[in-house]
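Visitor: Dumping the structure here so I can ask a few things about it.
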Amino acid sequence: MNILVTGGAGYIGSHTVVALSEAGFIPVIVDDFSNSDKGVLEGLEQILGYKPICYAENCNNADVMRRILKEHAIGGAIHFAAFKAVGESMEEPLKYYRNNLGSLLALLQTMLECGVPNLIFSSSATVYGQPDELPVKEDAFLPPSMSVYGNTKQIGEEILRDTAAAGKSIKAISLRYFNPVGALPSALIGELPRGVPNNLVPFIAQTAAGLRPLLTIYGNNYDTPDGTCLRDYIHIMDLAEAHVEALKFLLNKSSGTFYDVFNVGTGRANSVLEIIRTFEEVSGVTLNCRLGERRLGDAAAVYADASKIEQHLGWRARRSMREGLTDSWRWQQRLSNRL
Ligand code: UFG
């Protein structure tokens, strides 16, 4: 079956293309390469043994989406294509609302028109803000988002929920990702952050590789065991496989309307210091770190209750945080050697 993967050249998208292919699906990528690299397609070709179908298009274009859905007899879609820089989203809100919500609306509308019922939406643990109870469950209260980016994820979920509630022929799942790390163990694909990475593990990897002089730890006076923030770091291939399980679940459901939301995390919490220490162990590199101020908008602790997805979709994370960091380091070394 052909599965549309919007944003399929991005970090999570490209790894999901591999997981889909391993499960016997044929991925059809749509990616405008605004935040991804065409080189990813070469990596995918080596892994898959064939060149994946890829359209260099923006998903906001409903005519294009309609044509692709029909031409490839698409059976389901996984929608990754979105901007994701929290800071930029606060400076350019319209850019984020137009792109992140416009693409979802165009995709959903054309899927309904073309009779393609199965949709997986990339949401984020950012919708929880700082949860009152940990580990956080899917039915937790969602506070107003701290960022425009986060708001596009909350609104995206609402669009799907309301469309299903209206009885439209759509079966949809929102997956709330926690913190993805790692790469395919072969290091043929991985994360390609543009400019200075925002996220912890790519920053650590670049510091270890000598590309950044100094890693700043954003605060050690949080109410956590070692004072640094706690997060739920999930291996990118576990996350990719969660999409496949969600898709299979939708395909097995009789036609009609369905909507639900699942956390995709490990249920384990690791501090910034634990991540730094483990990365030093797996890489053998001592990181040059300094303690800095808290970063604006950071929650002290966010980690998943991952029981719902295991119960309903039969998925749980199988790889460790250490494996994730080992694979991130292997990928960084491959990138550095290429430079
Ligand atoms: N951190 C540092 N130094 C760095 C980078 C990060 O100490 O150089 C710390 C952060 O303060 C935080 C932890 O590492 O405590 C994790 O930070 P990340 O930026 O890697 O991850 P976040 O949990 O902040 O980000 C996640 C998702 C984003 C999403 C964001 C919304 O990865 O996609 O939540 O808040 F936008």
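The values are calculated or read from the model by the stated rules, or taken from the named source; none is laboratory data. Everything numeric here is computed off the predicted structure, so don't read it as measured data. In this analysis, Cβ positions are derived from the backbone assuming ideal geometry, glycine residues included, and neighbour counts consider all displayed protein chains.
Visitor: Among the residues of the stretch 72-99, which ones are within 11 Å of the ligand (Cβ to nearest atom), part of a loop (DSSP other than H, G, I, E, B) and not hydrophobic (A, V, I, L, M, F, W, C)?
Guide: 84
Visitor: Determine whether residue 195 is farther than 30 Å from residue 257 by Cβ, more than 8 Å from the ligand (Cβ to nearest atom) and without any contact (Cβ under 8 Å) to a residue 12 or more places away in the chain.
Guide: Against the criterion (farther than 30 Å from residue 257 by Cβ, more than 8 Å from the ligand (Cβ to nearest atom) and without any contact (Cβ under 8 Å) to a residue 12 or more places away in the chain), residue 195 qualifies.
Visitor: Oh, and also: Between 305, 298, which is within 10 Å of the ligand (Cβ to nearest atom), among the acidic types (Asp, Glu) and either touching a residue at least 24 places away in the same chain (Cβ under 8 Å) or more than 16 Å from residue 199 (Cα to Cα) (or both)?
Guide: 298
Visitor: Does residue 324 satisfy the condition of being buried (at least 22 other Cβ atoms within 10 Å of the Cβ), within 16 Å of the ligand (Cβ to nearest atom) and at pLDDT 95 or above?
Guide: yes
Visitor: Can you tell me which residue in the stretch 280-295 is nearest to residue 146 (Cα to Cα), limited to those that are within 9 Å of the ligand (Cβ to nearest atom) and in a loop (DSSP other than H, G, I, E, B)?
Guide: Among them, the one singled out is 295.
Visitor: Can I ask one more? Would you confirm whether or not the stretch 160-169 contains a residue that is at pLDDT 95 or above, within 15 Å of the ligand (Cβ to nearest atom) and among the small types (Gly, Ala, Ser)?
Guide: Looking for residues that are at pLDDT 95 or above, within 15 Å of the ligand (Cβ to nearest atom) and among the small types (Gly, Ala, Ser), one finds none in the stretch 160-169, hence no.
Visitor: Right, here's the next one. For the stretch 101-153, how many residues are within 16 Å of the ligand (Cβ to nearest atom) and touching a Cys at 6+ places or on another chain (Cβ under 8 Å)?
Guide: 0
Visitor: Of the residues 214, 239, 251, only one is in contact (Cβ under 8 Å) with a residue 24 or more places away in the chain and within 23 Å of residue 183 (Cβ to Cβ); which?
Guide: 239
Visitor: Looking only at the stretch 184-209, count how many residues are in contact with a Ser or Thr (Cβ under 6 Å, 6 or more places away or on another chain) and either surrounded by 22 or more Cβ atoms within 10 Å (Cβ to Cβ) or of a type in the set (Asp, Glu) (or both).
Guide: Adding up the residues that qualify gives 4.
Visitor: Give just the number: which of (1) part of a helix (DSSP H, G or I); (2) within 19 Å of residue 295 (Cα to Cα); (3) charged (D, E, K, R) does residue 162 not satisfy?
Guide: (2)
Visitor: For the list (1) surrounded by fewer than 15 Cβ atoms within 10 Å (Cβ to Cβ); (2) of a type outside the set (S, T, N, Q); (3) in a loop (DSSP other than H, G, I, E, B), I need the number of the one condition that residue 57 fails.
Guide: All conditions are met except number (1).
Visitor: A follow-up question, please. Output yes when any residue across the stretch 237-252 is over 21 Å from residue 192 (Cα atoms), in contact with a strand residue (DSSP E or B) (Cβ under 8 Å, 6 or more places away or on another chain) and either among the β-branched types (Val, Ile, Thr) or not in a helix (DSSP H, G or I) (or both), and no when none is.
Guide: no
Visitor: Could you say whether any residue in the stretch 302-309 is out of contact with any Cys (no Cβ under 9 Å at 6 or more places or on another chain), of a type outside the set (Gly, Ala, Ser) and in a helix (DSSP H, G or I)?
Guide: Scanning the stretch 302-309, I find at least one residue that is out of contact with any Cys (no Cβ under 9 Å at 6 or more places or on another chain), of a type outside the set (Gly, Ala, Ser) and in a helix (DSSP H, G or I), so the answer is yes.
Visitor: Follow-up question, since we're still on this one. So, of the residues in the stretch 225-278 that are farther than 22 Å from residue 124 by Cα and of a type in the set (Ser, Thr, Tyr), which turns out to be nearest to the ligand (Cβ to nearest atom)?
Guide: 278
Visitor: Right, next: State whether one or more residues within the stretch 175-182 are touching a Ser or Thr at 6+ places or on another chain (Cβ under 7 Å), of a type outside the set (A, V, I, L, M), at negative phi and not in a loop (DSSP other than H, G, I, E, B).
Guide: yes
Visitor: Among 81, 56, 62, 125, which is of a type in the set (A, V, I, L, M, F, W, C), within 28 Å of residue 1 (Cα to Cα) and within 17 Å of the chain's Cα centre (by Cα)?
Guide: The unique qualifying residue is 81.
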